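Here is the structure we will look at.
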Amino acid sequence: MPMTKPSGSPERVTVIGLGRFGTSVAKSLSELGYEVMAIDLDPRKVQAASEYVTLAVEGDGTDRDLLEQLNVQQSDVVVVAQGENLEASVLSTLLLKKLKVPWVVSKAKTALHGELLHRVGADRVVFPEMDAGVRLAHSLGVRHITDYITLSNSAGIAKIEAPANLVGHTIENLMKNVQGRMNVLLIKRGNQLVTVPHFGEVIRAHDELVLVGADSDIAHFVSHDPGQVKAANQS
């Protein structure tokens, strides 16, 4: 099923910097149906981006004349993805706000870098490397986690692929030992979304579950095997 952008979303997005992060953002936005302009100094990256964005331009994202010539100020959102170069990302962010771009999202590598970006006007600062590290650290304890959003140092929202020990059991049965401490927010079953699943819902093979709670409770839920518990009680 092709991705589609939500209704009411901004139409035009500019991405400055085509490293791994910028390229991923530009590709994903293009697939979602946005009008995407990409800017980078590397002609090879620009050439590659021309295959999937609306307009790819070789140029310097800190060059005000270039930004004005390209009407970057008419973008609904600009993503400053050149986080490797602190000076360039800060200057680009500052110029974009001076040009009255309504929403600027800037990539940062460190907390200090992020603070500088906020101070010069970034509407949102993202930390791709730091966030990826946090997701990996949390997922190591629960091997079935495929994505993770941190809510605190020891809790978050986790997406898991249902392991075999959960298949065939109801949510009520699986939740007995973590009742009130975590919840199943939704189940993705193929192209179907089961939102706020009831306790009688039976987990099927290949289901993806979105869970919220403490890491320890999520780990306990995922590793719980009602079949073994039942067998132990009968012996």
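If you check VAL212, VAL222, which single one turns out to be under 27 Å from ASP131 (Cα atoms) and either modelled with pLDDT of 95 or more or assigned to a strand (DSSP E or B) (or both)? Before the answer, list the steps.
Details: VAL222 fails: either modelled with pLDDT of 95 or more or assigned to a strand (DSSP E or B) (or both).
That would be VAL212, the only listed residue that is under 27 Å from ASP131 (Cα atoms) and either modelled with pLDDT of 95 or more or assigned to a strand (DSSP E or B) (or both).
Kindly provide the set of residues from the stretch 159-186 that are under 14 Å from VAL222 (Cα atoms) and in a strand (DSSP E or B), ordered by number.
Selection gives LYS159, ILE160, GLU161, THR170, MET182, ASN183, VAL184.
Quick one: would you say SER24 is modelled with pLDDT of 95 or more, assigned by TED's automatic domain parsing to the domain that holds ALA122 and not β-branched (Val, Ile, Thr)? Walk me through it before giving the result.
Values: modelled with pLDDT of 95 or more: no; assigned by TED's automatic domain parsing to the domain that holds ALA122: yes; not β-branched (Val, Ile, Thr): yes.
Criteria not met by SER24.
Rundown of residues vs (1) outside the structural domain of ARG119 (by TED's automatic domain parsing); (2) touching a residue at least 40 places away in the same chain (Cβ under 8 Å); (3) farther than 23 Å from LEU116 by Cβ; (4) within 23 Å of the chain's Cα centre (by Cα), yes/no style:
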position	(1), (2), (3), (4)
ILE16	no, yes, no, yes
VAL57	no, no, yes, no
VAL79	no, yes, no, yes
ASN85	no, no, no, yes
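Being of a type in the set (Val, Ile, Thr) and surrounded by 12 or more Cβ atoms within 10 Å (Cβ to Cβ) is the filter here, so list the residues in the stretch 144-201 that pass it.
Let us first name the residues in the stretch 144-201 that are of a type in the set (Val, Ile, Thr), namely 145-146, 149-150, 157, 160, 167, 170-171, 178, 184, 187, 194-196.
Within the stretch 144-201, ILE145, ILE149, THR150, ILE157, ILE160, VAL167, THR170, ILE171, VAL178, VAL184, ILE187, VAL194 qualify.
Name the single residue, out of those in the stretch 173-209 being polar (S, T, N, Q) and over 18 Å from PRO163 (Cα atoms), that is modelled with the lowest pLDDT.
Looking at the filtered set, the residue picked out is GLN179.
Which of the residues that make up the stretch 202-217 are under 23 Å from LEU151 (Cα atoms) and buried (at least 16 other Cβ atoms within 10 Å of the Cβ)? So that I can check it myself, show each step before the final result.
Taking the stretch 202-217 as the starting set, the residues that turn out to be under 23 Å from LEU151 (Cα atoms) are 208-217.
Selection gives GLU208, LEU209, VAL210, LEU211, VAL212, GLY213, ALA214, ASP215, ASP217.
Can you pull out every residue in the stretch 101-144 that is charged (D, E, K, R) and either assigned to a loop (DSSP other than H, G, I, E, B) or over 14 Å from GLN82 (Cα atoms) (or both)? Can you show your working first?
Of the residues in the stretch 101-144, the ones charged (D, E, K, R) are 107, 109, 115, 119, 123-124, 129, 131, 135, 143.
LYS109, GLU115, ARG119, ASP123, ARG124, ASP131, ARG135, ARG143, listed by residue number.
Could you please give the count of residues in the stretch 64-78 that are assigned to a loop (DSSP other than H, G, I, E, B) and either in contact with a His (Cβ under 8 Å, 6 or more places away or on another chain) or surrounded by 16 or more Cβ atoms within 10 Å (Cβ to Cβ) (or both)? First the steps, then the outcome.
Start the filter on the stretch 64-78 by keeping residues that are assigned to a loop (DSSP other than H, G, I, E, B), which leaves 70-71, 75-76.
Cutting the leftovers down to either in contact with a His (Cβ under 8 Å, 6 or more places away or on another chain) or surrounded by 16 or more Cβ atoms within 10 Å (Cβ to Cβ) (or both) gives us 70, 75.
Of the residues in that region, 2 qualify.
Output the residue which, of all residues in the stretch 66-96 that are farther than 16 Å from ALA38 by Cα and of a type in the set (D, E, K, R), is modelled with the highest pLDDT.
Here the answer is GLU87.
Consider GLY114 carefully, then state whether it is closer than 30 Å to VAL78 by Cβ and either β-branched (Val, Ile, Thr) or in the same structural domain as GLN69 (by TED's automatic domain parsing) (or both). First the steps, then the outcome.
Details: closer than 30 Å to VAL78 by Cβ: yes; either β-branched (Val, Ile, Thr) or in the same structural domain as GLN69 (by TED's automatic domain parsing) (or both): yes.
Against the criterion (closer than 30 Å to VAL78 by Cβ and either β-branched (Val, Ile, Thr) or in the same structural domain as GLN69 (by TED's automatic domain parsing) (or both)), GLY114 qualifies.
Of the residues that sit in the stretch 88-107 and are buried (at least 19 other Cβ atoms within 10 Å of the Cβ) and in contact with an Asp or Glu (Cβ under 8 Å, 6 or more places away or on another chain), which one is nearest to GLU68 (Cα to Cα)?
Here the answer is VAL104.
The values are calculated or read from the model by the stated rules, or taken from the named source; none is laboratory data. If you're wondering where the values come from, they're calculated on a predicted model, not measured in any experiment. Reconstructed Cβ throughout: ideal geometry from the backbone, glycine too, with neighbour counts over all protein chains shown.
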